[in-house]
1. Mean 1/r over all different Cα pairs, inverted: what Kirkwood radius does the stretch 12-67 give, in Å?
2. Placing +1 on the Cβ of each Lys and Arg and -1 on the Cβ of each Asp and Glu in the chain, which of Thr51, Asn61, Val91 has its Cα farthest towards the positive end of the resulting dipole?
3. All other residues with a Cβ under 15 Å from the Cβ of Tyr57 taken together, and with Lys, Arg as +1 and Asp, Glu as -1, what is their net charge?
4. If you add up the charges near Asp73, with Lys and Arg at +1 and Asp and Glu at -1, over every other residue whose beta carbon is less than 13 angstrom from its beta carbon, what do you get?
5. Per residue, how much accessible area does the chain show when a 1.4 Å probe rolls over the protein heavy atoms, in square angstrom?
6. Of Gly50, Gly78, Gly22, which has the largest mean-square fluctuation in a 10 Å C-alpha GNM of the chain?
7. Counting only residues 5 or more places away or on other chains, whose amide H sits under 5 Å from the amide H of Met30 once H atoms are built in the peptide plane?
8. Mind putting a number on the dipole of the chain about its Cα centre? Charges go on the C-beta only, +1 for Lys and Arg and -1 for Asp and Glu, and I need it in Debye to the nearest 20.
Amino acid sequence: TNFPRNDALGLIAADRIELANGPGDSQLTMAVAAYAQHKVICPKQTSFAGTIVGSYYEVQNVPRFYQVPELADNLPPGMPGGDPIWVISIVQESWQQN
């Protein structure tokens, strides 16, 4: 309802992201922040608002991409370039029963 200030979907893939590739998926409108380490695939005529980052793009049927500069300051948690996620691990080196 308030993209990208309050509502933003973040997709992260280690290999590739396939957007709108199913039957009946043409003419969709998506608002998204997406990061694919390898490839972003979009085979249908679709409109995207937001940011899509990947090493390679495979597009067909003239999709429309709309950059949303304000998204850079409102990335979903865990997205590359967004707020850091703190990971804490605890290692038990010994245990003794009393």
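The values are calculated or read from the model by the stated rules, or taken from the named source; none is laboratory data. None of these values were measured; they are calculated from a predicted model. Using ideal geometry, Cβ is built from the backbone for each residue, glycine included, and neighbour counts are taken over all protein chains shown. With ligands, DNA and RNA removed, areas are computed over all heavy atoms of the protein, side chains included. Shrake-Rupley method; radii C 1.70, N 1.55, O 1.52, S 1.80 Å.
1. 11.1
2. It is Asn61, whose Cα lies furthest towards the positive end.
3. +1
4. Local charge sum for Asp73: -1.
5. 73
6. Comparing Gly50, Gly78, Gly22 in the GNM, the peak value goes to Gly22.
7. Under 5 Å from the amide H of Met30: Ser47, Phe48, Ala49.
8. Dipole size: approximately 280 debye.
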